[in-house]
1. Is it true that residue 131 is surrounded by fewer than 24 Cβ atoms within 10 Å (Cβ to Cβ) and under 13 Å from the mean Cα position of the chain (by Cα)?
2. Consider segment 180-196. How many of its residues are within 12 Å of residue 135 (Cβ to Cβ) and in contact with a helix residue (DSSP H, G or I) (Cβ under 9 Å, 6 or more places away or on another chain)?
3. Looking only at segment 1-46, how many residues end up being out of contact with any strand residue (DSSP E or B) (no Cβ under 7 Å at 6 or more places or on another chain), under 25 Å from residue 199 (Cα atoms) and touching a residue at least 12 places away in the same chain (Cβ under 8 Å)?
4. State whether the residues of segment 208-225 include one that is surrounded by 13 or more Cβ atoms within 10 Å (Cβ to Cβ) and more than 18 Å from the chain's Cα centre (by Cα).
5. Tell me whether segment 86-98 contains one or more residues that are within 13 Å of the chain's Cα centre (by Cα), surrounded by 24 or more Cβ atoms within 10 Å (Cβ to Cβ), outside any helix (DSSP H, G or I) and at pLDDT 95 or above.
6. Has segment 166-179 got any residue that is part of a loop (DSSP other than H, G, I, E, B), buried (at least 17 other Cβ atoms within 10 Å of the Cβ) and in contact with a helix residue (DSSP H, G or I) (Cβ under 8 Å, 6 or more places away or on another chain)?
7. Being outside any helix (DSSP H, G or I) and more than 15 Å from the chain's Cα centre (by Cα) is the filter; apply it to segment 53-64 and report the residue that is farthest from residue 101 (Cα to Cα).
8. Can you find a residue that is more than 29 Å from residue 14 (Cα to Cα), in contact with a helix residue (DSSP H, G or I) (Cβ under 7 Å, 6 or more places away or on another chain) and surrounded by 24 or more Cβ atoms within 10 Å (Cβ to Cβ) anywhere in segment 107-127?
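The values are calculated or read from the model by the stated rules, or taken from the named source; none is laboratory data. Computed from a predicted model, the values in this text were never measured in an experiment. Here the Cβ positions follow ideal geometry from the backbone for every residue, glycine too, while neighbour counts run over all protein chains shown.
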């Protein structure tokens with residue numbers, strides 16, 4: 001099981017985070033910063049960190065909401081709306097990458113939904129990141145200065161996603177292609193949050209739906225990609 005730690009942002013502020021590490025000696029293991037969905041630092045996203053730790057990575061989940069999380073969509077939207085995305089990427093996420101780099105030679109960033117949008121911003125704003133994997137989320141295109149993206153990127157999109165649909169994905173991918181980013185995008189016949197095992201049953205948002213089969217394919221691709229790029 002992981003533990004809560006704190007790390008320093010570039011501006012010196014302290015941020016709490018959940019750290020999951022591989023069993024045994026994690027010295028020299030590659031790192032991955034994991035970015036939450038709009039729900040906050042909850043059990044599901046800690047489980048993602050544990051999954052990466054089991055695969056041999058030091059996984060760090062910064063607490064972007066400073067201790068708050070929710071099960072209610074309305075409150076999640078409120079929490080997300082109060083988040084300064086530029087600050088989160090340039091300070092919280094960059095600080096998390098820098099923290100992992102103290103013990104890991106190479107560090108990637110991955111995130112889901114809101115965290116996917118932040119992962120795209122991190123690709124632009126965090127020069128220390130060695131790779132990014134985006135899961136069904138993107139910021140408005142005017143914030144994506146693709147010329148600044150130097151690390152390879154993979155992304156997973158649902159063709160039935162009502163929040164981040166194919167037209168928006170097309171526009172983002174065109175921008176990445178024109179900037180010659182080392183980008184590989186995958187599309188799945190799936191809804192938003194198809195890799196979130198809690199997006200099913202009572203309480204889920206109607207527009208989200210877990211798909212175990214596609215989630216497994218996307219995870220296999222992600223781990224092969226991180227294995228190749230992060231080592």
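1. When the stated conditions are applied, residue 131 passes them.
2. The qualifying residues number 7.
3. Matching residues across segment 1-46 total 3.
4. The answer is yes; a qualifying residue exists.
5. No, that holds for no residue.
6. No, every residue in segment 166-179 fails to be part of a loop (DSSP other than H, G, I, E, B), buried (at least 17 other Cβ atoms within 10 Å of the Cβ) and in contact with a helix residue (DSSP H, G or I) (Cβ under 8 Å, 6 or more places away or on another chain).
7. 55
8. no
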